[in-house]
1. Look through Thr9, Thr37 and report the one residue that is among the polar types (S, T, N, Q), within 13 Å of the ligand (Cβ to nearest atom) and touching a residue at least 40 places away in the same chain (Cβ under 8 Å).
2. Of the numbered conditions (1) within 30 Å of Ile46 (Cβ to Cβ); (2) within 16 Å of the ligand (Cβ to nearest atom); (3) small (Gly, Ala, Ser), Ala80 fails exactly one; give the number of that condition.
3. Could you check Lys196 against (1) touching a residue at least 24 places away in the same chain (Cβ under 8 Å); (2) in a helix (DSSP H, G or I) and say which number it fails?
4. Restricting the stretch 22-34 to residues that are exposed (fewer than 13 other Cβ atoms within 10 Å of the Cβ) and either assigned to a strand (DSSP E or B) or of a type in the set (D, E, K, R) (or both), which is nearest to the ligand (Cβ to nearest atom)?
5. Restricting attention to the stretch 63-91, and to residues there that are touching a strand residue (DSSP E or B) at 6+ places or on another chain (Cβ under 6 Å) and under 17 Å from Val30 (Cα atoms), which single residue is surrounded by the fewest Cβ atoms within 10 Å (Cβ to Cβ)?
6. Filter the stretch 138-162 for residues that are within 20 Å of Glu127 (Cβ to Cβ) and within 17 Å of the chain's Cα centre (by Cα) and give the result.
7. From the list Asn59, Asn44, exactly one residue is more than 13 Å from the ligand (Cβ to nearest atom), among the polar types (S, T, N, Q), outside the structural domain of Ser108 (by TED's automatic domain parsing) and over 17 Å from the mean Cα position of the chain (by Cα). Which is it?
8. Would it be correct to say that Lys139 is out of contact with any strand residue (DSSP E or B) (no Cβ under 7 Å at 6 or more places or on another chain) and assigned by TED's automatic domain parsing to the domain that holds Ala74?
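The values are calculated or read from the model by the stated rules, or taken from the named source; none is laboratory data. Note that this is a predicted model, so its numbers are computed, not measured. All Cβ positions, even for glycine, are placed from backbone atoms using ideal geometry, and neighbour counts span all protein chains on display.
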Amino acid sequence: MKLYYAAGTCSLSPHIALSEAGLDYEIERVDLKTKQTETGKDYNEISEKSAVPLLVLDNGEHVTEGAVIVQYIADLNPDAKLAPANGTFERVRLQEWLNYISSEMHKSHFPLFRKNCGEKAEEVYLEKVKKAYSYVSEKLDGKQYLMGDQFTVADAYLFTVVNWSNFLNIDISPWPVLVEYQKRVAARPAVQSVLKAEGLLKENAA
Ligand SMILES: N[C@@H](CCC(=O)N[C@@H](CS)C(=O)NCC(=O)O)C(=O)O
């Protein structure tokens, strides 16, 4: 299977999930400005949503929507424990997190990145992002990960969206629990290898 990704964007989350799951996969980078892939293909011809992440399965099926892709990946290798089993109440809790991160956090960053939605919109959405930082910090207090001691795909997603604070110069030091959480997730070997592959580690930045 192949993941189409753009460095540091929301596709980082399924990229981490693939790495944590220990599966065989390929990646292909997409330039979201030109919509060209690294092998010179027109991404608009590949992705009908013209967005990353896109997971193309070996049978040709396309899976889109990050919150769904990561669950698909988690279920391919249950031994990696990246998601509680389907049908359990714990799975509902995981889905609650994925939906919260997607609807309340991920998309609230849109006007902050676009910088053309007007000052008021930026102010309102920055406020929303900070409110979410407070909420997740409260929930993470005393815990390693969102679901407890076990790293799950919800952590891959949360780490990805909180990592955008680096690109947007949002100071997260008022949320020390979140600062420690980001460090904890970043230090995982599978996450390190993905950050390296996407050129997001400082040593690769030059
Ligand atoms: N609902 C989609 C949204 C995906 C999305 O917003 N992707 C962004 C990158 S984070 C993108 O590819 N945007 C297209 C563009 O910038 O042209 C999901 O959750 O996977």
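1. On the way: Thr37 fails: touching a residue at least 40 places away in the same chain (Cβ under 8 Å).
It is Thr9.
2. Going through (1) within 30 Å of Ile46 (Cβ to Cβ); (2) within 16 Å of the ligand (Cβ to nearest atom); (3) small (Gly, Ala, Ser) one by one, Ala80 breaks only (2).
3. Single failed check for Lys196: (1).
4. It comes out as Lys33.
5. So the first thing to find is which residues in the stretch 63-91 are touching a strand residue (DSSP E or B) at 6+ places or on another chain (Cβ under 6 Å), and the list is 63-64, 69, 72.
Still in the list and also under 17 Å from Val30 (Cα atoms): 63-64.
On the way: Val63: 17, Thr64: 15.
It comes out as Thr64.
6. Taking the stretch 138-162 as the starting set, the residues that turn out to be within 20 Å of Glu127 (Cβ to Cβ) are 138-139, 158, 161-162.
Answer for the stretch 138-162, where residues must be within 20 Å of Glu127 (Cβ to Cβ) and within 17 Å of the chain's Cα centre (by Cα): Leu158, Val161, Val162.
7. Values: Asn44 fails: more than 13 Å from the ligand (Cβ to nearest atom).
Step by step, each of Asn59, Asn44 is checked, and only Asn59 is more than 13 Å from the ligand (Cβ to nearest atom), among the polar types (S, T, N, Q), outside the structural domain of Ser108 (by TED's automatic domain parsing) and over 17 Å from the mean Cα position of the chain (by Cα).
8. Values: out of contact with any strand residue (DSSP E or B) (no Cβ under 7 Å at 6 or more places or on another chain): yes; assigned by TED's automatic domain parsing to the domain that holds Ala74: no.
Criteria not met by Lys139.
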